[in-house]
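Single-structure report; data block below.
The values are calculated or read from the model by the stated rules, or taken from the named source; none is laboratory data. Everything numeric in this text was worked out from a predicted model, so none of it was measured. For neighbour counting, all protein chains shown are included, and Cβ atoms are generated from backbone atoms with ideal geometry for every residue, glycine included. Accessible surface is based on the protein model in full, side chains and every heavy atom, while ligands, DNA and RNA are left aside. Shrake-Rupley method; radii C 1.70, N 1.55, O 1.52, S 1.80 Å.
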Amino acid sequence: MEKRAIGTSGLKVYPFALGGNVFGWTADERRSFTILDGFVDAGLDLIDTADVYSTWGPGHKGGESETVIGNWLKRSGKRDKVTIATKVGKPMGDGKKGLSRKYITQAVEDSLKRLQTDYIDLYQSHEDDLNTSLLETMETFTGLIKQGKVRAIGASNYSGARLREAINVSADNNLTAYQCMQPEYNLYARERYEKEIEPICRENNIGVISYYSLASGFLTGKYRSENDLSKSTRGQGVKKMLNPRGYKILAALDKVAAEHKVTQAAVALAWIMARPGITAPIASATSVDQLHELVKATALKLTGHDIDQLNSASSY
């Protein structure tokens, strides 16, 4: 397993990112610590979170995931063994949102405090902010890098046009540029990334860390009918995938997984990892057993025939 570069930032990571959205939500602190320890023990290093995780939980206000990770970093002493990626921009309540100089400057301090660290490896715009000029945003990020508070920056949920515009603003003004893009990408959701985002990232040597890599759990194979939707809190989110194309994808996953004696989830992740230009897919785990099954994707070498089968089944 070789490390992959995050753009031209100098950062290199192993090709699987642990999703921190569950920490402090469906995984309490004790279980989160066990998962984080297991992740590092497996030889992996990229942990993805966001300040907004998990505002959607009952009684939550955001920052829960970063706080858990920060407590783990302090207890474990493993800061130098991991690459921490977090995000800024989505609403945190009380008007706290966006990518203005004022807000990013405040938000980064809040994230650093929760994470109990002096620097963030990869700081990402969680979503585009049309009310703030790209110049202001990129100037602010450039300042954070000069101050040593951030090592590299990335973007998530940007359109292809806005990503290209951001790249140009950085180049024209001698500012730091986005080194990474975080789009939705998986076997079910392919078209937007492959048509709109991928060409820009490949052309500009921008890393790609995909979210919803398992399509909210659909690609694990545990949702086969509407009766299965009650299996987890995310069940209703996969209802739209219970269609002929979705079933075709599951059939291809079943076949390839059986041939390699791994789970469908491992195959779905390995398929993303095999895509040229991908740095790492993100997936979250709520148990160490689940984590171990996902990690198997990093050692899974899909054949050309495997990839052709999966591409054909998921064609759009």
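Taken about its Cα centre, region 180-287 carries a charge dipole of roughly 320 debye when the Cβ of each Lys and Arg holds +1 and the Cβ of each Asp and Glu holds -1. Matching the structure-derived Rg/Rh (Cα atoms, Kirkwood Rh) against the labelled list [x] 0.95; [y] 1.08; [z] 1.00 gives the label [x].
If you plug the beta carbon distance of Glu259 and Gln106 into 1/(1 + (r/R0)^6) with R0 = 45 Å, you get a FRET efficiency near 0.30. Considering only Trp72, Tyr316, Ile104, the residue lying farthest towards the positive end of the dipole of the chain is Trp72, judged by Cα position with unit charges set on Cβ. For every helix of n ≥ 4 consecutive DSSP H residues, a contribution of -39,500 (n - 2.57) applies; sum these over the chain, divide by its total residues, and give [θ] at 222 nm rounded to the nearest 500 deg cm²/dmol. Helix contribution divided over all residues of the chain: -11500 deg cm²/dmol. Computed from point charges on the beta carbon alone (+1 for Lys and Arg, -1 for Asp and Glu), the dipole magnitude for region 236-316 about its Cα centre is near 240 Debye.
Test of understanding: what is the full-extension gain from Val40 to Glu191, defined as 0.36 nm times their sequence separation minus their Cα-Cα distance?
51.1 nm is the gain from fully extending Val40 to Glu191.
Normalised by the number of residues in the chain, the average gap of Cα pairs under 8 Å and 6 or more apart makes the relative contact order 18 percent.
Between Lys222 and Lys113, what length in nm is gained on full extension when 0.36 nm per residue of separation is reduced by their alpha carbon distance?
Numbers: separation 109, 0.36 × 109 = 39.24 nm, distance 3.81 nm.
Once the chain is fully extended between Lys222 and Lys113, it gains 35.4 nm.
Return the single residue from Gly20, Gly93, Gly217 with maximal mean-square fluctuation; model: Gaussian network over the chain, springs between Cα atoms under 10 Å. Highest fluctuation among the options: Gly93.
Around the Cα centre of the chain, unit charges on the Cβ atoms of Lys, Arg, Asp and Glu (plus for the first two, minus for the last two) sum to a dipole of about 320 debye. For region 80-132, applying the loop criterion from DSSP together with a ceiling of 11 other beta carbons within 10 Å to the trypsin sites (Lys or Arg not before Pro) yields no site.
Spacing of the modelled spin labels on Leu135 and Lys240, each 7 Å from Cα toward Cβ, amounts to 3.7 nm. Legend: residue pairs Lys102/Lys149; Lys81/Lys301; Lys90/Lys296; Lys12/Lys97; Lys97/Lys239, Cα-Cα distance threshold 22 Å; pairs beyond threshold, Lys81/Lys301; Lys90/Lys296; Lys12/Lys97; Lys97/Lys239. Accessible area per residue for the chain is 43 Å², calculated with a 1.4 Å probe on protein heavy atoms, without ligands, DNA or RNA. Label zone of Lys3 (point 7 Å out along Cα→Cβ, amide N under 19 Å): in region 11-30 this covers 11-18. Peptides 260-272, 49-61 ordered by packing proxy, namely the average of other Cβ atoms within 10 Å per residue, highest first: 260-272, 49-61. Note on the chain: dipole from Cβ charges, positive end direction compared against Met138, Ala189, Gly59; the farthest Cα belongs to Gly59. Take the Cα of Trp56, step 7 Å along the line toward its Cβ, and report every residue of region 198-225 whose backbone nitrogen sits under 11 Å from that point. Only 216 pass the distance filter.
Tell me, what % of the accessible area of the chain is carbon and sulfur with a 1.4 angstrom probe?
Ligands and nucleic acids excluded, carbon and sulfur give 47 percent.
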